[in-house]
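The values are calculated or read from the model by the stated rules, or taken from the named source; none is laboratory data. It should be emphasised that the depicted structure is a prediction, and the values quoted were computed from it without experimental measurement. Cβ sites come from the backbone with ideal geometry, for glycine too, and all protein chains shown count toward neighbours.
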Amino acid sequence: MRTLILFLCCCANLLAAAPLKTAALLAAGNESVCIVCIGDSITGVYYHSGGRRAYPEMLQLALQQLYPQSQLSVHNAGISGDTTTGGLKRLERDVLAYKPHLVTIMFGMNDLVGTPVDVFKKNLREMIARCRSSGAEVVLCTQNSIVETPQRPFARLAEFRNAIREVAKDEALVVADCFATFEAVHAADAAEWNLLLSDTIHPNMAGHKLFAETLAQAITGRSVSLQEIGPPTPVLPHTFAKLKAGQPIQVLAMPPYDALITPAVQRLYPGAVVKVTPWPVAGQTLAQLELFARKVRSLAHDLVLIAVPAELPLQDQVQFHHDYSWIMNGSLSFGVQQWDVVVALPSAAKPTLSKEESRHEVLAQRLIKAQDLSMITRHSGDTSPLLEVLSTWLSQHQP
């Protein structure tokens, strides 16, 4: 179904545009190809996609999957809070300086808050003209669909989405219609669509994979799936770098890992200094854990270890999604990841789960994967003490 959605959207968007030379260069594999993706926080690397990559990085993986012989570099030029006005000001420095073969442009989520739509279109046309003058092809992208808020009403989003399509038609450009692909998922299954979002406007990594698949198909006319790509490795680069350098580490951990992380680390690095701050969970609701997560960025730490108890009830899937996502969101640095975050599944500490706890675990697992974070798990049938499970997991994930 997802592949069919992408194919139909691609066909609609290619009718008015000439085939992209960039796709032919990728297929030939005879020269280095450069793509730059410019946009706002939805493009840039921020907490909502795990803090280590976003759709531009996933686009590179998608295109390399389609063209293994290609010599490709994709640069991320997304900045939080930016608009087309800001994009124009930094176009030379952040985009054209790379001498790109192709530039993808995704703006509008911030423009719709304060930029007149005619100014938005004028800015897009100027960016397109400057990119073309430098020899680069251009693909315009519509934004993802969102949860409506007073600041971003659906009607205003539609106005800017239509402006993007209008400019693309006038300029004979390919459109990567990300809104259409998100809304096709929404129409098929609202719960599945909700699982593409980290908050009301930002997609999580599951959403960024859909972005990248949509863009790759718009560029090449070929479908690709990124669904089997797991979190980036190494899993704990910051933590292990400090341990290897003989430096102490600061850990914020939910129980029972607050008591186990020091002995587990010291099995690998005898004498390591591990300073642990417990993240209290006893008697807390999921919403209360989410409130605590709001102050995590202000704490000094190298590793945050999240372990939401399985016994917390899963009564409302949408509310569970919101609270669990924001526990992870708050645990990550705002921009590029400055410390490590890992999430332990309930079954790692409690191998036998009730039916309700199993439902909690299944949804939690999906949300963790969608956030592009790694999970501490226990193999089926493993009855080892949790310290052994944690020690083994750390050993397996050493760089």
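Just a few scattered comments:
This table checks each residue for (1) over 29 Å from Met58 (Cβ atoms); (2) modelled with pLDDT under 95; (3) outside any strand (DSSP E or B).
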| site | (1), (2), (3) |
| --- | --- |
| Leu312 | yes, yes, yes |
| Val318 | no, yes, yes |
| Val341 | no, no, no |
| Leu367 | no, no, yes |
| Ser380 | yes, yes, yes |
| Val389 | yes, no, yes |
| Pro399 | no, yes, yes |
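- Filter result (buried (at least 17 other Cβ atoms within 10 Å of the Cβ) and either of a type in the set (Asp, Glu) or part of a strand (DSSP E or B) (or both)) within the stretch 49-101: Glu57, Leu72, Val74, His75, Asn76, Ala77, Gly78, Asp82, Asp94
- Condition check for Asp372: at pLDDT 95 or above and either surrounded by 21 or more Cβ atoms within 10 Å (Cβ to Cβ) or on the phi < 0 side of the Ramachandran plot (or both): yes
- Single unsatisfied condition, Glu213 versus (1) among the charged types (D, E, K, R); (2) more than 15 Å from the chain's Cα centre (by Cα); (3) buried (at least 21 other Cβ atoms within 10 Å of the Cβ): (2)
- Restricting Leu299, Leu312, Leu268 to those that are touching a residue at least 12 places away in the same chain (Cβ under 8 Å) and closer than 23 Å to His360 by Cα reduces the list to Leu312.
- Enumeration of residues in the stretch 179-221 that are β-branched (Val, Ile, Thr) and either closer than 30 Å to Leu26 by Cβ or not in a loop (DSSP other than H, G, I, E, B) (or both): Thr181, Val185, Thr214, Ile219, Thr220
- The single condition among (1) out of contact with any His (no Cβ under 8 Å at 6 or more places or on another chain); (2) of a type in the set (A, V, I, L, M); (3) crowded, with 17+ Cβ neighbours inside 10 Å; (4) at pLDDT 95 or above that Leu252 does not satisfy is (1).
- Of residues in the stretch 149-178 being free of Cβ contacts under 8 Å to residues at least 24 places away in the same chain and not in a helix (DSSP H, G or I), the one surrounded by the fewest Cβ atoms within 10 Å (Cβ to Cβ): Pro150
- Exactly one residue out of Thr214, Thr220, Thr142, Thr200 is touching an Asp or Glu at 6+ places or on another chain (Cβ under 9 Å), among the polar types (S, T, N, Q) and in contact (Cβ under 8 Å) with a residue 60 or more places away in the chain, and it is Thr214.
- Residue list for the stretch 126-148, filter: part of a helix (DSSP H, G or I) and surrounded by 14 or more Cβ atoms within 10 Å (Cβ to Cβ): Glu126, Met127, Ile128, Arg130, Cys131, Arg132
- For Val119, the test of being touching a residue at least 40 places away in the same chain (Cβ under 8 Å) and in the same structural domain as Thr85 (by TED's automatic domain parsing) is failed.
- Filtered residues of the stretch 343-365 (kept if β-branched (Val, Ile, Thr) and outside any helix (DSSP H, G or I)): Val343, Thr352
- The criterion of being in the same structural domain as Lys244 (by TED's automatic domain parsing), small (Gly, Ala, Ser) and not in a helix (DSSP H, G or I) holds for Ala300.
- Taken over the stretch 186-212, the residue count meeting the criterion of being acidic (Asp, Glu) and either assigned by TED's automatic domain parsing to the domain that holds Phe320 or farther than 20 Å from Asp323 by Cα (or both) is 1.
- Cross-chain or 6+ apart pairs with Cβ under 8 Å, the stretch 242-264 first and closer than 12 Å to Leu305 by Cβ and charged (D, E, K, R), then at pLDDT 95 or above and assigned to a loop (DSSP other than H, G, I, E, B): Asp258/Trp279
- Residues satisfying the stated conditions in the stretch 97-148, i.e. more than 19 Å from Thr214 (Cβ to Cβ) and among the charged types (D, E, K, R): Lys99, Asp111, Asp118, Lys121, Lys122, Arg125, Glu126, Arg130, Arg132, Glu148
- Residues of the stretch 226-241 classified as out of contact with any Gly (no Cβ under 9 Å at 6 or more places or on another chain) and surrounded by fewer than 20 Cβ atoms within 10 Å (Cβ to Cβ), total: 9
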